[in-house]
Amino acid sequence: MSTLPETAPGAEALLDDQVDAYKRDGFVIIEDVLQGDELARVQTVFDKAQARARVDWEAGRARGKGVSENGEYYASGTWHARKYFDIYPLHLLEQDDAAVEMIAHPRLFPFLSATVGADVQAATIQLRVLEPQTAADAQEEGGYVNWHRDHSNDEAWRYLGPPLNTKVIVYLTDVGPDDGCTACVPGSHRFDHRPDHTLYKGMGGGENQATKVKDQRDMPGMVAATAKAGSAFLFNTRLWHTTLPNTGTRDRWCVLTLYCPFYQKQPGVTVEAAVALEAAGQLNTPQRRQLFGLEPMTGVNGFKRLAQHSGNDGDDRIFKGVRPPKLGERIGR
Ligand SMILES: O=C(O)CCC(=O)C(=O)O
C-alpha cells in the first residue's frame with residue numbers, strides 16, 4: 001500500500017489550485033498518480049485480466065454479437081462493443097492490492113473529497129481496452145465515443161455546491177494525440193446546452209456517421225488531454241468530452257471510475273467487488289472502506305444501506321433522501 005504523508009508540504013495550496021481549475025475548466029489532470037513499481041503491478045494484472053476478457057469479446061465479435069455467451073460481462077453491467085471492451089472489475093481488483101489502492105489512492109482522495117464531498121465513494125468502475133483503428137476507419141467513424149456530457153441534471157449543484165459526480169480516468173498506457181486521447185471543451189460544464197453529436201464524427205450507439213460532416217477536432221475550444229501511463233484526467237461529468245481516434249499501434253488501457261456521494265446507490269459490479277474485497281481483508285483503511293461503500297470515514301453512518309436497515313421507519317435514511325447538517329451526525333428522529 002502507498003504511504004503518502006497525509007499532508008505533504010505544499011499539498012493544501014496545490015489542492016486549492018486544483019479545485020479552482022476544476023471549477024473554472026471542469027477538469028484537472030493529476031500526473032503520476034501511479035508510478036514505478038505500483039504502476040507496473042497494476043499494468044501486469046490489467047494485462048492478465050484483459051487477456052481473459054478478450055477471449056469472450058473476440059468470440060462475441062466473430063458471431064456478430066457484443067456479449068459473451070454466459071452473459072457475465074453484460075449481466076454485470078459492463079460492456080463489449082465493436083471497438084472496445086470492458087473487464088469485470090473484480091477480475092482486476094482481486095489480483096493485486098495495488099489495483100485496490102488505485103481506486104482509493106492518496107493522490108486522488110483529497111481532490112475527490114474536496115469536490116464530490118467528504119463522503120465520496122466509488123460508483124461505476126470500468127476497465128476499458130480500446131483497440132487501434134485504421135486511418136480509413138478513423139476518417140469514416142471518428143473515435144469510439146462522440147462528443148457528449150455524461151450528466152446534465154445537476155442544476156442545483158452547478159452554482160450552489162460540489163458537482164454530484166467526478167469521473168476519473170487513470171491511463172495505464174501512454175496516450176498521445178493519436179492514441180485514443182480523451183478531449184474536452186474547457187468550461188463547457190457551465191454551458192446550458194449539450195454538444196451537437198449529429199454534426200461531429202465519433203461513435204454513439206447506432207448513429208449514422210456518414211451524415212456527420214465535421215471532424216471531432218473541429219469542435220471549437222477543444223483540447224486533447226494527452227497523458228502518460230499512470231496519470232489521471234478528472235472531470236465534472238457535465239463537461240463536454242469525447243475520445244479521439246486511436247490510430248496508434250497499440251491498445252489504450254484505462255480505468256474509469258465515477259465517484260459520487262455516499263448516499264447514492266452503487267451499481268452491482270462495485271458492490272460485488274466490495275463484498276469480495278472485504279471478505280479478503282483488503283478494505284483495511286478508512287478511505288478504502290468509504291470509497292468501496294462500506295461506511296463513511298466520519299464514523300456514524302447517516303445513510304444506512306438496505307442491509308443495515310432496522311425495519312423501523314425512523315431508521316430510514318435512504319428513502320427520505322436527507323443529509324445530516326454535518327457529516328457523521330445522526331439525523332434527528
Ligand atoms: O474513454 C474515454 O476517453 C472517455 C470515456 C467517456 O466518454 C465517458 O466515460 O463518458
Q.
For the range 11-297, report the % of Cα-Cα distances exceeding 31 Å.
A. 25 percent
Q. So how strong a dipole does the range 11-297 carry about its Cα centre when Lys and Arg Cβ are +1 and Asp and Glu Cβ are -1, to the nearest 20 debye?
A. 620 debye
**Q.** Lys/Arg +1, Asp/Glu -1 at C-beta; the range 11-297 dipole; positive extreme among F46, V168, H151
**A.** H151
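Ranked by Cβ crowding within 10 angstrom, fewest neighbours first, how are S113, S188 ordered?
Working: S113 18, S188 23.
Lowest count first: S113, S188.
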Q) In the structure displayed, which of K167/K214; K167/K265; K48/K265; K83/K228; K48/K83; K167/K228 lie more than 24 Å apart, Cα to Cα? A) K167/K214; K48/K265
Q. For the residue pair E58 and Y263, what label-to-label distance in nm results when each label sits 7 Å from Cα along the Cα-to-beta-carbon direction?
A. 4.8 nm
Q. Hey, fewest Cβ within 10 Å first, where do D196, D179 land in order?
A. D196, D179
Q. How do V42, V19, V213 line up, fewest other C-beta atoms within 10 Å first?
A. V213, V19, V42
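Bear in mind these aren't lab numbers, they're just calculated from the coordinates by the rules spelled out. The shown structure was predicted, so the numbers you read here are calculated from the model rather than taken from an experiment. Methodologically, a virtual Cβ is constructed for each residue, glycine included, from the backbone with ideal geometry; neighbour enumeration extends over all protein chains shown.
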